[in-house]
Amino acid sequence: MTKPLNVEHDSPSIAGHGATKSYAMQESMIVKWSLIAISLVFLALFLILPLVSIFVTALEKGWATYVASITDPDALAAIKLTLTVVLIVVPLNAIFGIVAAWAITKFSFKGKNVLITLIDLPFAVSPVIAGLVFILLFGAQGLFGEWLFQNDIKIVFALPGIVIATMFVTFPFVARELIPLMQMQGITEEEASISLGASGWKTFFLVTLPNIKWGLLYGLILCNARTIGEFGAVSVVSGHIRGMTNTMPLHIEILYNEYQFTAAFAVASLMSILAIITIIIKNFIEWKAKDE
Amino acid sequence: MSIQIQNVSRAFGTFQALKDISIDIESGELIALLGPSGSGKTTLLRILAGLEGLDEGAILFDGQNITNVSPKERGVGFVFQHYALFRHMTVFDNVAYGLKVRPRKTRPSKDEINKKVRDLLALVKLDNFADRYPAQLSGGQRQRVALARALAVEPKVLLLDEPFGALDAKVRKELRRWLRKLHNEFHVTSIFVTHDQEEALDVANRIIVMNNGKIEQVGTPEEVYEHPNSPFVYDFLGNVNLFRGRLHKGKLTQGQFEIDVPTYLDSHYEVVGYVRPHDIQIEKNQLNNESVAAKIVHIHMVGPVVQIELKREDVDEYLEAEIPKEHYKKLGIKNGDTVFIKPKQLKVFVPEDFSI
Ligand SMILES: Nc1ncnc2c1ncn2[C@@H]1O[C@H](COP(=O)(O)OP(=O)(O)OP(=O)(O)O)[C@@H](O)[C@H]1O
Ligand SMILES: [Mg+2]
């Protein structure tokens, strides 16, 4: 799990140094405060300021306009679609992530390294390219296009396409989080469980899952955040059909392109709130996991 | 439950970890598995537990071939080299685990489980630690939890991989005594791995000495210690002094120095005589050419025995002797003195037959 480094300032363990507040120590204090100041200014400039400006712009024309922008049917449809995608993608990626991490860490087999590389692929490929690949596969002129059309299955420019593209982009989050964790934990607890007479399922639910739960949750949070915010891949496969295949980020872009800034920022503020909640949950999980 | 290990071999890639291992173990035995690091002890135990597959051979429990039975069905209690406690469960839940995961039909009631776990925790003297997590226990306490957890399912076979591994000498001794008591109480066929020859000699009723994936010797502690069948076993079980020389007509000669070995009547040019430190006799005066001059380099007194390190004057070799304290006082020797030593008992191995 990626945790912030614990830098201990003025460690109390250095005994006997208190008397000589040396020049070197004063200098290190200057360095310390300058570094902190630089990080704070940077944070304010690039994170807080934009975030505040989102809310300011969103509420520029008053509360009523804000509510109207969010409750607009197209906006509601976008919110609903985004949440639907989350509800499908996150659980599926949780399962695939666990299965992949399990296979990689608890068994030894040929081609393991290839699998590890494949899991990283979505991080390496631009989301737009990922979207295009699915168009090439499932689009009207695509590899399976003919067959899909004949069987009346809609993938591209519909919910399935959006789900598949999002899954592809967010697949690595859970697996990447779990692999190092499970590698570190090894398989001895599972072996102990089996030799005590537990079945494979019981071993998974009673031993493996509790051991990886914080890592899993952390991966799910990241996966969730990315699913809500994914733009590139979804943009390619969705077809931008208003009220039907527009997710929240796509809806914001359309509003923005139509110069409806207030509405765009209103929906954006909603996404920001989701992001802030995510960060809070993430920190809570980190804190909890460290506690155990 | 009796165990038969028949011609078991196991390789990891090209590395042969076990080579044609065969052992018969009777029901209720307490066996020590002894051998240097990497000799295949853990591998053998894991094969018995079903956690590791085997390439050739068979495992029989009570005469029944269980080679292909899953570890879940074997009824083997395994105490792992590094405990392998469930880290997110309390001590209580760790011990209760094997009972709780049983299918509903054979699972004891909640009260029965509670009682059983409490009894076991009392047995391993951890009654007050039931609600702790493994991370909050000392090594010795973890070890005992691991033992209680394995015992909870009433295994027919108990396998312990270095059960006293990382513990200090005092705790080891205590647990060791305790293991023997436990064994007398439960009569479970048990095999425990150890690096510590003293531990093996002390606790087990039979010892298996392994080396390089093969069995060197199987026997009672006396047999293995008093009559090692190879230089390796001799060397591995306790300290040893080497006397290299020529064997001829019941005598081992090395320069001026001659030792009577009446049981070895054939002739060899290159043989090695093995002598335990307590079989070395020290005298102040030379009796005949059966003794050899040596200078005392170091005297180390521990309890009732005195360990004396000596350097031979005829060849550049060091010797180690152990004599009772009273004898030491009678001799009145000190560092730097020259004395005469004589092997009281000597075991000869001919290097052609054995490669050390
Ligand atoms: N899964 C594995 N893959 C490859 N080699 C292995 C594996 N398990 C064991 N070995 C090798 O087999 C040999 C025997 O290992 P084993 O763990 O049985 O030794 P051991 O006698 O228990 O040693 P120790 O006293 O250090 O625990 C070692 O050389 C080890 O490197
Ligand atoms: Mg081992």
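Observations
- When B:256, B:281, B:217 are screened for being under 30 Å from residue B:327 (Cα atoms), of a type in the set (S, T, N, Q) and either out of contact with any Lys or Arg (no Cβ under 7 Å at 6 or more places or on another chain) or not assigned by TED's automatic domain parsing to the domain that holds residue B:313 (or both), only B:256 passes.
Conditions tested, residue by residue: (1) touching a Phe, Trp or Tyr at 6+ places or on another chain (Cβ under 7 Å); (2) within 14 Å of chain B (Cβ to nearest Cβ).
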position: A:127; (1), (2): no, no
position: A:150; (1), (2): no, no
position: A:176; (1), (2): no, no
position: A:186; (1), (2): no, yes
position: A:198; (1), (2): no, yes
position: A:208; (1), (2): no, yes
position: A:215; (1), (2): no, yes
position: A:219; (1), (2): yes, no
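- Scan the range A:186-201 for residues that are of a type outside the set (A, V, I, L, M, F, W, C) and crowded, with 19+ Cβ neighbours inside 10 Å and the total you get is 6.
- Which numbered condition residue B:10 fails, given (1) in contact (Cβ under 8 Å) with a residue 40 or more places away in the chain; (2) within 17 Å of the chain's Cα centre (by Cα); (3) within 16 Å of ligand 2 (Cβ to nearest atom): (2)
- Any hit, the range B:63-78, residues being outside any helix (DSSP H, G or I), within 16 Å of ligand 1 (Cβ to nearest atom) and assigned by TED's automatic domain parsing to the domain that holds residue B:177: yes
- Taking the listed residues B:34, B:85, the one that is in contact (Cβ under 8 Å) with a residue 12 or more places away in the chain and more than 14 Å from every other protein chain (Cβ to nearest Cβ) is B:34, with no other qualifying.
- Condition met for residue B:54 (on the phi < 0 side of the Ramachandran plot, within 14 Å of another protein chain (Cβ to nearest Cβ) and more than 9 Å from ligand 1 (Cβ to nearest atom)): no
- Positions within the range B:310-325 being under 31 Å from the mean Cα position of the chain (by Cα) and open to solvent by 80 Å² or more (accessible area, probe 1.4 Å), in sequence order: B:318
- Failed item, numbered, when residue A:150 is tested on (1) farther than 23 Å from residue A:243 by Cα; (2) modelled with pLDDT of 90 or more; (3) open to solvent by 90 Å² or more (accessible area, probe 1.4 Å): (2)
- Enumeration of residues in the range B:125-148 that are free of Cβ contacts under 8 Å to residues at least 12 places away in the same chain and among the acidic types (Asp, Glu): B:127
- Residues located in the range B:58-71, provided they are in contact (Cβ under 8 Å) with a residue 12 or more places away in the chain and either within 12 Å of chain A (Cβ to nearest Cβ) or open to solvent by 40 Å² or more (accessible area, probe 1.4 Å) (or both): B:62, B:63, B:69, B:70, B:71
- Yes/no for residue B:130 being in contact with a Phe, Trp or Tyr (Cβ under 9 Å, 6 or more places away or on another chain), over 30 Å from residue B:234 (Cβ atoms) and surrounded by fewer than 21 Cβ atoms within 10 Å (Cβ to Cβ): yes
- Just one of the listed residues (A:183, A:141) is open to solvent by 70 Å² or more (accessible area, probe 1.4 Å), polar (S, T, N, Q), out of contact with any Gly (no Cβ under 6 Å at 6 or more places or on another chain) and in a loop (DSSP other than H, G, I, E, B), and it is A:141.
- Residues in the range B:9-58 that are in contact with a Lys or Arg (Cβ under 6 Å, 6 or more places away or on another chain) and among the aliphatic types (A, V, I, L, M): B:17, B:18, B:31, B:33, B:54.
- Selection from the range B:133-174 of residues that are at pLDDT below 80 and either open to solvent by less than 60 Å² (accessible area, probe 1.4 Å) or closer than 13 Å to residue B:192 by Cα (or both): B:164, B:165, B:167, B:171, B:172
- Residue ID - farthest from ligand 1 (Cβ to nearest atom), chosen from residues in the range B:14-51 that are surrounded by fewer than 16 Cβ atoms within 10 Å (Cβ to Cβ) and over 22 Å from the mean Cα position of the chain (by Cα): B:14
- Scanning the range A:69-102 for residues that are open to solvent by 30 Å² or more (accessible area, probe 1.4 Å) and within 30 Å of residue A:187 (Cβ to Cβ) turns up A:91, A:92, A:95, A:96, A:99, A:102.
- Some residue of the range A:164-178 being within 15 Å of residue A:239 (Cβ to Cβ), hydrophobic (A, V, I, L, M, F, W, C) and surrounded by 15 or more Cβ atoms within 10 Å (Cβ to Cβ): yes
- From A:275, A:268, A:289, residue being open to solvent by 30 Å² or more (accessible area, probe 1.4 Å), small (Gly, Ala, Ser) and under 21 Å from residue A:226 (Cβ atoms): A:275
- Qualifying residue in the range A:225-248 (condition: in a helix (DSSP H, G or I), open to solvent by 50 Å² or more (accessible area, probe 1.4 Å) and touching a helix residue (DSSP H, G or I) at 6+ places or on another chain (Cβ under 8 Å)): yes
- Criterion: within 16 Å of ligand 2 (Cβ to nearest atom) and under 25 Å from residue B:83 (Cα atoms) - qualifying residue of B:53, B:38, B:28: B:38
- Flag if residue A:111 is under 30 Å from residue A:209 (Cα atoms) and open to solvent by less than 80 Å² (accessible area, probe 1.4 Å): yes
- Subset tally (residues that are more than 9 Å from chain A (Cβ to nearest Cβ) and either open to solvent by 70 Å² or more (accessible area, probe 1.4 Å) or not in a helix (DSSP H, G or I) (or both)) for the range B:88-106: 4
Rundown of residues vs (1) touching a His at 6+ places or on another chain (Cβ under 8 Å); (2) under 30 Å from residue B:37 (Cα atoms); (3) modelled with pLDDT of 90 or more; (4) open to solvent by less than 10 Å² (accessible area, probe 1.4 Å), yes/no style:
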| site | (1), (2), (3), (4) |
| --- | --- |
| B:225 | no, yes, no, no |
| B:230 | no, yes, no, yes |
| B:236 | no, yes, no, no |
| B:242 | no, yes, no, no |
| B:253 | no, no, no, no |
| B:263 | no, no, no, no |
| B:267 | yes, no, no, no |
| B:272 | no, yes, no, yes |
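The values are calculated or read from the model by the stated rules, or taken from the named source; none is laboratory data. What you are looking at is a predicted structure, and each value in this text was computed from that prediction instead of being measured. Methodologically, a virtual Cβ is constructed for each residue, glycine included, from the backbone with ideal geometry; neighbour enumeration extends over all protein chains shown. The area values use the complete protein model at the heavy-atom level, side chains included, leaving out ligands, DNA and RNA. Shrake-Rupley method; radii C 1.70, N 1.55, O 1.52, S 1.80 Å.
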